Amino acid sequence: MVALFLFTFGLAALFGLRQMGYESEQVALKHIVAGTGCMVAELLDMAPARMEEPGYWMHLDADKDGTTCNEASG
């Protein structure tokens, strides 16, 4: 029963993200997972990301320059 709820909730979340402008459910899912940290975002090829791009999370923009996960490369 819990698995069915989680599956349904996950589908609804992905559909909602798709409606928000992501080009595919895969990109939406990668965006969500990328929010866990820069290492994960870089592995998913979602970083560095600029504001308004998939993969941008404010908490990953340490220097607040509008680009995530670019601090280590400088």
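Of everything in segment 36-59, what is closer than 21 Å to GLU23 by Cβ, of a type outside the set (Asp, Glu) and outside any loop (DSSP other than H, G, I, E, B)? Give them in sequence order.
Residues satisfying the conditions are VAL40, ALA41, LEU43, ARG50.
Condition test on LEU17, is it surrounded by 11 or more Cβ atoms within 10 Å (Cβ to Cβ), in contact with a helix residue (DSSP H, G or I) (Cβ under 8 Å, 6 or more places away or on another chain), modelled with pLDDT of 65 or more and within 22 Å of LEU60 (Cα to Cα)?
Considered against the rule, which asks whether it is surrounded by 11 or more Cβ atoms within 10 Å (Cβ to Cβ), in contact with a helix residue (DSSP H, G or I) (Cβ under 8 Å, 6 or more places away or on another chain), modelled with pLDDT of 65 or more and within 22 Å of LEU60 (Cα to Cα), LEU17 comes out as no.
If you go through segment 28-39 one residue at a time, how many are within 12 Å of THR68 (Cβ to Cβ) and crowded, with 16+ Cβ neighbours inside 10 Å?
Number of matching residues: 4.
Any residue that is of a type in the set (Ser, Thr, Tyr), over 20 Å from PHE7 (Cβ atoms) and in a loop (DSSP other than H, G, I, E, B) - is there at least one of those in segment 22-34?
The answer is no, given that none of the residues of segment 22-34 is of a type in the set (Ser, Thr, Tyr), over 20 Å from PHE7 (Cβ atoms) and in a loop (DSSP other than H, G, I, E, B).
The values are calculated or read from the model by the stated rules, or taken from the named source; none is laboratory data. Given the structure is predicted, the values throughout are model-derived calculations rather than measurements. Glycine also receives a Cβ, built like all others from the backbone with ideal geometry; neighbour counts cover every protein chain displayed.
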